[in-house]
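Take a look at the structure below.
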Amino acid sequence: MPTTSFVGRADELAALQVRLGESRLVTVLGAPGTGKTRLCRELVERERAAGRRTVFCDLTEAEDLISLCGAVARALDVPLGGAGDAAGAARAIGAALSRMGHPLVVLDNFEQVADLAPATVGIWLDDAPAVSFLVTSRQRLGVAGEALFDLGPLALPESAGDPQASEAFQLFVQRARLVRRDFQPDAEESRTVATLVRELDGLPLAIELAAARLRTLSSAQLLSRMAQRFELLSAPGAAGKATTLRGALESSWETLDAAERTTLAECAAFRGGFTLEAAEAVVDLGHDASAPWLLDVLEALVDKSLLTTYAESTSQRRFGMLVSIRELGLDKLVEMGSAREVAVRHARYYLDAGRAWTHALSGADAARSRHLLGLETENLLAIHRRALDHGQGPAALPTALGAALVLAPLLSTQGPFGMLLTLLDAPLLRARDAEGVDERLLARAHDARAVALRYMGRSTEALADAQRAVALAESTGDERLLARVMTTLSVNELVLGDWRESRAHVERALVVHRAAGDASSEGRALAALGDTWFYEDRLDEAHKSYAAALAIHRQLGERAAEGVALSRLASVAMERGDAAAARELYRGSVELHREVGDRRALASTSGYLAILEQEEGDLGAAEQRFRDAIELAREIENRRTEGIFTGYLAGCLLETGRLAEAAET
């Protein structure tokens with residue numbers, strides 16, 4: 001572990017020195033608590049050690065031109081007695097700087113007087129062409145020639161790998177040892193500390209304040225109290241802005257105008273980042289001619305280091321917010337009395353957008369839609385959590401169920417299935433005692449629950465939910481909904497071996513889909529019908545149903561469903577003994593599942609391809625493919641697929657004479 005006070009930031013320090021060699025004015029930008037001052041102090045020490053004259057000036061208390069010039073004059077030891085007014089003082093400082101050679105002047109905490117930069121730093125750059133200025137600020141100065149140096153949080157521990165290698169972890173341990181000399185986290189506590197510093201955004205100030213609490217708390221206790229982060233992250237007994245995270249953030253809040261405050265507070269409703277379009281739907285700055293343009297306000301907050309931007313793709317950028325800043329924003333939102341209205345707008349936008357993405361999952365744009373749902377999962381989870389925790393009157397349960405159902409198609413192909421079950425269970429449990437909940441919504445929720453339970457290997461429970469979905473759909477009189485949930489029921493019945501009931505239900509569903517002109521649902525029902533024929537070993541009928549399903553999905557451009565149909569046709573070819581055709585079909589299916597990101601189907605199809613390789617004697621390839629399929633199934637909690645291919649892997653190991661490994665498997 002490093003033993004100096006300056007942990008990490010070696011790359012940033014070197015880059016900052018290079019930046020100073022390229023420009024005479026460098027502004028280090030960063031959110032409160034990112035360690036801007038510490039970085040600059042370390043650079044000052046190195047410049048002094050190299051023989052350069054440096055001046056460090058703290059502008060925390062500066063509020064106007066007079067106090068700003070006074071602070072700089074004191075740091076430079078320049079008398080201002082005869083300067084007259086503030087403008088004269090600025091000129092006097094410029095003249096004094098011009099006689100000092102090539103010093104480095106550090107102006108720390110410039111943000112609260114940033115609007116005075118042209119009248120001070122701008123003049124001094126002209127008056128003293130040999131002087132370099134290093135400024136720390138939460139917003140840019142806007143002076144000609146200004147070079148920006150963005151300083152983000154410390155590097156966080158990666159989910160995989162040694163957490164102790166990260167800068168954030170190292171700083172926490174170093175500061176913890178100031179209050180607990182023997183602090184040496186073992187593997188379990190290292191994981192706790194890693195989670196803790198992630199919760200703290202990697203902010204040096206927050207990490208130092210948290211580590212100081214280890215005198216009386218364990219790291220696990222610290223982590224469990226993150227809901228009270230602002231009370232926790234303060235120097236005990238201290239109230240100064242420099243010694244509390246809340247104080248550091250409040251000082252930034254005080255610099256904002258009314259539109260910036262409203263925008264920052266309302267953006268706190270987002271989780272996991274957001275787009276400009278989402279902000280336009282959620283943030284309300286008024287609609288009269290005097291209302292500022294939201295994009296300008298967002299850019300101002302980025303300039304003030306309270307929002308970040310990052311590239312989600314080559315065609316779109318997203319906005320982000322540190323957790324601590326978001327917590328402050330949520331507090332302010334409550335103070336403003338607009339938390340509920342913002343939550344409603346946030347839910348409306350993401351539920352509408354989510355339904356559109358979910359609908360597109362069956363089409364040619366499936367990969368992009370799945371990607372968008374993945375990006376916005378945190379926002380959808382926030383809607384679900386908010387509706388259940390705080391409620392929105394009669395709309396609370398529909399909102400929570402709506403968020404769960406938007407995520408259901410993603411989670412039923414990506415996993416984890418346990419998460420989907422959790423999202424559905426809480427609102428469904430409350431719905432038992434509620435009145436007036438839309439039965440269509442409840443039918444869809446039980447249908448999704450049946451799917452999750454089946455993949456988790458809980459087939460009997462899955463059948464009960466599928467039957468409940470059918471009963472609810474029948475009571476609504478919605479034939480198309482009934483046909484869709486009846487297809488799910490059919491699949492669950494077949495899993496339990498009741499192929500007659502399964503076929504009767506799916507044939508009934510087919511009639512409705514065809515009458516309604518719902519080709520996509522017809523294709524899925526045809527695949528389910530093919531399964532019933534395949535179960536009876538009536539391969540010609542199965543092939544006919546699967547081929548019809550494939551033709552429909554190809555015509556509609558539904559790549560994910562096309563991959564399923566190919567896999568089913570491969571199984572028929574395999575049963576017929578046509579290994580070459582089966583191999584080609586399975587490989588085509590694997591590629592389609594990988595293309596659209598369907599991890600569930602990828603795991604099962606890869607496993608069936610491994611069975612074919614095993615039968616052909618390619619045991620090495622089969623073993624590796626079984627292991628990959630099992631690992632993927634385990635990740636997404638697909639116990640049924642995991643169990644099937646674990647058995648096949650054991651058989652593969654037996655064939656190679658590895659009896660002990662097979663027994664363990």
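Quotient of the Cα radius of gyration of region 1-133 and 2.2 N^0.38 Å, N being its number of residues: 1.07. How far is the Cα center of region 332-402 from the Cα center of region 247-308, in Å? About 20 Å separates the Cα centre of region 332-402 from the one of region 247-308.
Please report, as a whole percent, how much of the solvent-accessible surface of the chain comes from carbon and sulfur atoms (probe radius 1.4 Å). Result for the chain: 50 percent of the exposed heavy-atom area is carbon or sulfur.
The sum of -39500 (n - 2.57) across all DSSP H runs of n ≥ 4, divided by the residue count of the chain, sets its helix-only mean residue ellipticity at 222 nm to -20500 deg cm²/dmol. Extending 7 Å from Cα along the Cβ direction at VAL511 and again at THR216 yields two label points whose distance is 7.4 nm. Distance between the 7 Å Cα→Cβ label points at HIS390 and SER159: 2.8 nm. Calculated accessible area for region 185-312 comes out at 42 Å² per residue, all protein chains present (probe 1.4 Å; ligands, DNA, RNA ignored).
When only alpha carbons of region 129-287 are considered, Rg and Dmax amount to 18.8, 60 Å. Ordering GLU507, GLU42 by accessible surface, largest first, gives GLU507, GLU42; the 1.4 Å probe counts only protein heavy atoms, with every chain in place.
Stokes-Einstein diffusion for region 255-335 at 25 °C, viscosity 0.890 mPa s, with a Kirkwood radius from C-alpha pairs, works out to 191 µm²/s.
If region 610-665 were replaced by its equivalent ellipsoid, with semi-axes equal to the square roots of 5 times the Cα gyration tensor eigenvalues, what would those be, largest first, whole Å? Before the final figure, lay out the partial values.
Working: eigenvalues 68, 34, 13 Å².
Taking √(5λ) for each eigenvalue gives 18, 13, 8 Å, largest first.
Span-like helix check, the chain: qualifying full DSSP H segments, with Cα axial length of 15 Å or more and mean Kyte-Doolittle of 0.5 or more, are 65-76, 86-98, 396-414, 417-431, 479-495, 559-575.
Placing R0 at 60 angstrom, the Cβ-Cβ distance between LEU13 and ARG587 gives a FRET efficiency of 0.70 after rounding to 0.05. Surface analysis of region 521-665 yields an accessible area of 45 Å² per residue, using protein heavy atoms and a 1.4 Å probe. Taking the inverse of the mean 1/r over every pair of distinct Cα atoms in the chain gives a Kirkwood hydrodynamic radius of 29.1 Å. The candidates TRP499, TRP293, TRP124, arranged from most to least accessible area with a 1.4 Å probe in the full protein assembly, appear as TRP293, TRP499, TRP124. Centroid-to-centroid, using Cα positions, region 128-170 and region 9-80 are 13 Å apart. Label positions at LEU654 and THR60, each projected 7 Å from the Cα along the C-beta direction, are separated by 7.3 nm.
A 1.4 Å probe run over region 401-462, with the rest of the protein chains in place, finds 39 Å² accessible per residue. Computed over the Cα atoms of region 512-651, the ratio of the radius of gyration to the Kirkwood radius (Rg/Rh) comes to 0.99. For THR309, the amide hydrogen comes within under 5 Å of the amide hydrogens of GLY320, counting only partners 5 or more places away or on other chains and with H modelled in the peptide plane.
Put a plus charge on the Cβ of each Lys and Arg, a minus charge on the Cβ of each Asp and Glu, and nothing anywhere else: the dipole of region 280-363 about its Cα centre is then about 320 debye. With coordinates expressed along the principal axes, the C-alpha atoms belonging to region 398-439 extend over 33, 15, 13 Å, beginning with the largest.
Check the chain and count each lysine pair with an alpha-carbon distance under 20 angstrom, considering only pairs eight or more places apart or from different chains.
Lysine pairs meeting the criterion: 5.
Shown is the FRET efficiency for ARG48 and ARG317, computed with R0 = 51 Å from the Cβ-Cβ distance and rounded to the nearest 0.05: 0.80. Legend: calculated FRET efficiency, ASP425 to ARG181, from the Cβ-Cβ distance at R0 = 45 Å, rounded to 0.05, equals 0.40.
The values are calculated or read from the model by the stated rules, or taken from the named source; none is laboratory data. These figures come from a predicted structure and were not determined experimentally. With ideal geometry, Cβ positions are generated from the backbone for all residues, glycine too; neighbour counts draw on all protein chains shown. These area figures cover heavy atoms from the full protein model, side chains too; ligands, DNA and RNA do not enter into them. Shrake-Rupley method; radii C 1.70, N 1.55, O 1.52, S 1.80 Å.
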